[in-house]
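Read the structure below first, then the notes.
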Amino acid sequence: MQIMTLHRHGLAGLLALFAVMASSAQGSAVGEWGQPLGPAYAGPEVRLRAVAPAVPLEAEESHTIQIFERTAPSVVYIVNSALYRQLFSRNVYEVPQGAGSGFVWSQAGYIVTNFHVVYNADSLTVVLADQSEHEARVVGVDPDHDLAVVQIQVAKEKLSPILVGSSHDLKVGQKVLAIGNPFGLDHTLTTGVVSALHRSIESMTKRTIENAIQTDAAINPGNSGGPLLDSGGRLIGINTMIVSPSGAFSGIGFAVPVDMVNDIVPQLIQHGRVTRAGIGVSLLPDSLARRSVRQGVIIGKVFPGGPADRAGLRGTTQGHSAQLGDVIMALDGEPVDTGDDLLRLLGRRKAGEQVRLEILRDGQIREVTVKLEAVQ
């Protein structure tokens, strides 16, 4: 560019070139035609934009931040690993097969999460908020409600139990927050509202989980087992699943209600399993029952000495004197069409309570009172 200037303007161009060289040595600059560009010019013009002053946070934003900062230390990352043996070398390797979130239940090291997060695990690793890793053991599981409790051995000062609330008084439209730790690197926060209540969802065992909370707060893969909080930062549910053909969040997520968690978790910690109220029978498959009756469930076997046996209920017999068992049509006036219906209704009762069964026997409807007992 400087040579072109010399050819165009002869002596004037040469003088201009000398001026450029001289002014550069003095720390200032001129343009191609001699116009001054300002001191210390080193390239294209740089325009600095003024930084706008910070806008104060709104009260709601500050409140959300406080809840997140208070609760995040309670949320953990769980890695589920399985052992695999190499085909030719026969060496055994530990391979991660899944991961999810969970939260600290107590300073005794108990961690609550989803059953599907720990399912089929040969080893479990819990990563706390300070990134420390701890081997965990399974204390108890309840596959029917997708709940599990694991335990780690760590100083109680490192554990921050979550603040537990209630779910029976929730209202559609109230604000909720979902916190997870899907990758073990940092926590995530999504917000939304309670979209619906008393939803029924299906567990891994095909059992119905009742009273599930539906929310539009994003529950992405890896957030399973994390807490769903109300606007006070209290636990109201455990994020368990999303409804999405692609597997990504689509605005429909579900959480197991905390009232159910409060009932089940202490049983898992104490006994490793959940005991439920039952009548002491096994049922014929629903598909087989539909071949014989239009409604109800057929008793396949009555366990000796159990509540149904004491109440005089009959099971199905085989052989030359084959006879269909009693058909349970209703429980306390609520219709029973499938085995899942009966289990769902019994799940609302407790051992020691009495229920009124409406049964069909020899073409006649009868009523039988049965006192429930705890069954596994």
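The values are calculated or read from the model by the stated rules, or taken from the named source; none is laboratory data. The structure displayed is predicted, hence computed values, not measured ones. Every residue, glycine as well, gets a Cβ built from its backbone with ideal geometry; the counts of neighbours run over all protein chains shown. Quick note on the areas: whole protein, heavy atoms, side chains included, nothing else; ligands and nucleic acids left out. Shrake-Rupley method; radii C 1.70, N 1.55, O 1.52, S 1.80 Å.
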(message) Any residue that is part of a strand (DSSP E or B) and in contact (Cβ under 8 Å) with a residue 60 or more places away in the chain - is there at least one of those in the stretch 360-367?
(response) yes
(message) Take the residues in the stretch 88-126 that are surrounded by fewer than 20 Cβ atoms within 10 Å (Cβ to Cβ) and among the aliphatic types (A, V, I, L, M); name whichever of them is modelled with the highest pLDDT.
(response) A108
(request) Restrict the check to the stretch 259-278 and report whether at least one residue is open to solvent by less than 20 Å² (accessible area, probe 1.4 Å) and over 21 Å from the mean Cα position of the chain (by Cα). (result) yes
(request) May I ask you to list the residues in the stretch 142-189 that are more than 18 Å from the chain's Cα centre (by Cα), open to solvent by 20 Å² or more (accessible area, probe 1.4 Å) and closer than 22 Å to I209 by Cβ? (result) H168, D169, K171, V172, Q174
(message) I'm told Q323 meets every condition in (1) in contact with a Ser or Thr (Cβ under 6 Å, 6 or more places away or on another chain); (2) closer than 19 Å to S200 by Cβ except one. Can you identify the failing condition by its number?
(response) (2)
(message) Whether any residue in the stretch 285-293 is in contact with a Ser or Thr (Cβ under 6 Å, 6 or more places away or on another chain) and farther than 30 Å from M241 by Cα is what I want to check.
(response) no
(request) Among the residues of the stretch 190-204, write down those that are of a type in the set (V, I, T) and either under 10 Å from the mean Cα position of the chain (by Cα) or open to solvent by 10 Å² or more (accessible area, probe 1.4 Å) (or both). (result) T190, T191, V193, I201
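Taking the options L345, L313, L324, L357, name whichever one is out of contact with any helix residue (DSSP H, G or I) (no Cβ under 6 Å at 6 or more places or on another chain), open to solvent by less than 30 Å² (accessible area, probe 1.4 Å) and modelled with pLDDT under 95.
On the way: L313 fails: modelled with pLDDT under 95; L324 fails: open to solvent by less than 30 Å² (accessible area, probe 1.4 Å); L357 fails: modelled with pLDDT under 95.
When all the criteria are applied, what remains is L345.
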(request) Please specify each residue of the stretch 205-249 satisfying the condition of being open to solvent by 20 Å² or more (accessible area, probe 1.4 Å) and over 14 Å from the mean Cα position of the chain (by Cα). (result) T205, K206, R207, T208, E210, N211, S231, G232, R234, S244, P245, S246
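Considering every residue within the stretch 222-238, establish whether at least one is assigned to a strand (DSSP E or B) and touching an Asp or Glu at 6+ places or on another chain (Cβ under 6 Å). Show your work before the answer.
Narrowing the stretch 222-238 to residues assigned to a strand (DSSP E or B): 227-230, 235-238.
Restricting the remaining residues to those that are touching an Asp or Glu at 6+ places or on another chain (Cβ under 6 Å) gives 236.
Looking through the stretch 222-238, at least one residue is assigned to a strand (DSSP E or B) and touching an Asp or Glu at 6+ places or on another chain (Cβ under 6 Å).
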(request) Would you be able to tell me the number of residues in the stretch 279-310 that are in contact (Cβ under 8 Å) with a residue 60 or more places away in the chain and within 36 Å of the chain's Cα centre (by Cα)? (result) 3
(request) Could you pull out the residue among L313, L342 that is in contact (Cβ under 8 Å) with a residue 24 or more places away in the chain and in a helix (DSSP H, G or I)? (result) L342
